[in-house]
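Encoded as structure tokens, the structure appears first; notes follow it.
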Amino acid sequence: MLTGKIIGLGSYLPPKIMTNDDFARIVDTNDDWITERTGIKQRHFSDGIEDTSSAMAAKAAKAAIEDAGIDASEIEMIVVACTTPDKLFPAMSFCVQKAIGAEGCICFDVNSACPGFVTAYNVAQNFIENSGVKTALVIGAECLTNIVDYTDRGTCILFGDGAGAVVLRAGEGRKNSFILRSTTEKMECLYCETLKQPKRASEEEFEKDTYLHMNGREVFRFVVSTIPANMQELLDREGIDASEIDHFVFHQANSRIIESTAKKLGVPLEKFPMNIQETGNTSSASIPILLTKMKKEGTLKKGDKIMMASFGAGLNWGVNYFEY
Ligand code: ACO
């Protein structure tokens, strides 16, 4: 059966690092609390000038194309997942197309918050499996540090910037398999108003509203009760036992969420690679950044059975099964 196989992986993390101690100088927090509650030790910060979301997306894309050993002219489709674009339009995928020197691609962006990469990956797979696209570039890129409130210790310590990309090429293999779902029940738990809407009630309200707002405890509760069940549902559908999966590549939002998921699935934690300690939560970039790290470290091998899972604002979530 025709499906998209990952032939290239690349990522980009901006050089500036903010440690937990750096945050302790800004808000009432400390390294012990952040480490214990989230697993995060540091995160990368974009300078906001050179490393915009589209620039980081292009850097990750170039690295993935180089890793694939192909020419940018072979790319037929570019999908960028991002909730923090540096322009409203053109879409970031067009900026990436220009930066990598491709032309004539199907280009559009996806905004489904943290699961954006999983959503974009499935959209690209659909184009490969059903619409004749041979080579696609799927990117997750974020500059979350642009929208966090640095007086809110419950959110500002969580996020980091970066981008990750995969090159998918049509080939013979098992059909892409996924679950994408959402609920409106917890919409108010995680949101961010758009920037520069002039008809706001007051300047103060306008300013405050453009920050990310999150009820972390509610999101946490929802995720640990929903995601493992959906992962199991996909395993059952595919007739695979959790023990057969080589790597559970899970959205890097909180190490305690990952630990709880591993426990619920009855899988050793070693099967859940983590880099949250180095990157914080990079939203839609977290999974391709982690996949790239795994490849560089040699833990990702041809034929490995992979399950990706992510969740975020909406709330929405996605789970994928594929063979690398
Ligand atoms: N430092 C010290 N204390 C803190 C900090 C901090 N940085 N932040 C909160 N606290 C305090 C709170 O004020 C509270 O104090 P109180 O008991 O005196 O009221 C206490 O710590 C406990 O707060 P909780 O919010 O209950 O802490 P919790 O254990 O839930 O951890 C966290 C908070 C880390 C945000 C966690 O809930 C979480 O990770 N949730 C999931 C977030 C997530 O995954 N979001 C989805 C993706 S984001 C996207 O889509 C853009």
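The values are calculated or read from the model by the stated rules, or taken from the named source; none is laboratory data. Just so it is clear, the structure is predicted and the values come from calculations on it, not from any experiment. Neighbour counts are summed over all protein chains in view; Cβ atoms, including those assigned to glycine, are modelled from backbone coordinates with ideal geometry. Please note that ligands, DNA and RNA were not included when accessible areas were found on the heavy atoms of the full protein model with its side chains. Shrake-Rupley method; radii C 1.70, N 1.55, O 1.52, S 1.80 Å.
Here are the numbers for this structure:
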item: Charge dipole (the chain, unit charges on Cβ, about Cα centre) - positive-most of 212, 251, 126; result: 126
item: The stretch 46-124 - percent of accessible surface contributed by carbon and sulfur, probe 1.4 Å; result: 55 percent
item: Relative contact order of the chain, defined on C-alpha pairs under 8 angstrom at six or more residues apart (%); result: 26 percent
item: Centroid-to-centroid separation of the stretch 1-27 and the stretch 276-303 [C-alpha atoms, Å]; result: 8 Å
item: Per residue value of the accessible surface for the chain (all protein chains in place, 1.4 Å probe), Å²; result: 43 Å²
item: Filter on 263/305; 5/59; 186/271 - keep pairs with C-alpha separation over 25 Å; result: 186/271
item: Share antiparallel - DSSP beta bridges, the chain, percent rounded to 5; result: 70 percent
item: Whether the chain is rounded, prolate or oblate, judged on the alpha carbon gyration tensor where a/c under 1.5 counts as rounded; result: oblate
item: Value at 222 nm in deg cm²/dmol, rounded to 500, when DSSP H runs of n ≥ 4 in the chain each add -39,500 (n - 2.57); result: -10500 deg cm²/dmol
item: In range of the label at residue 106: residues from the stretch 114-130 whose backbone nitrogen is under 11 Å from the point 7 Å along Cα→Cβ; result: 123-130
item: Potential extension, residue 28-residue 323 segment - 0.36 nm per residue separation minus Cα distance; result: 101.8 nm
item: The stretch 111-270: relative contact order as a whole-number percent, Cα under 8 Å and 6+ apart; result: 19 percent
item: The stretch 24-93, relative contact order in percent, only Cα pairs under 8 angstrom and at least six apart counted; result: 26 percent
item: Alpha-carbon centroids, the stretch 33-63 and the stretch 91-156: separation in whole Å; result: 15 Å
item: Span-like helix ranges in the chain, DSSP H, alpha carbon extent 27 angstrom or more, Kyte mean at least -1.0; result: 216-238
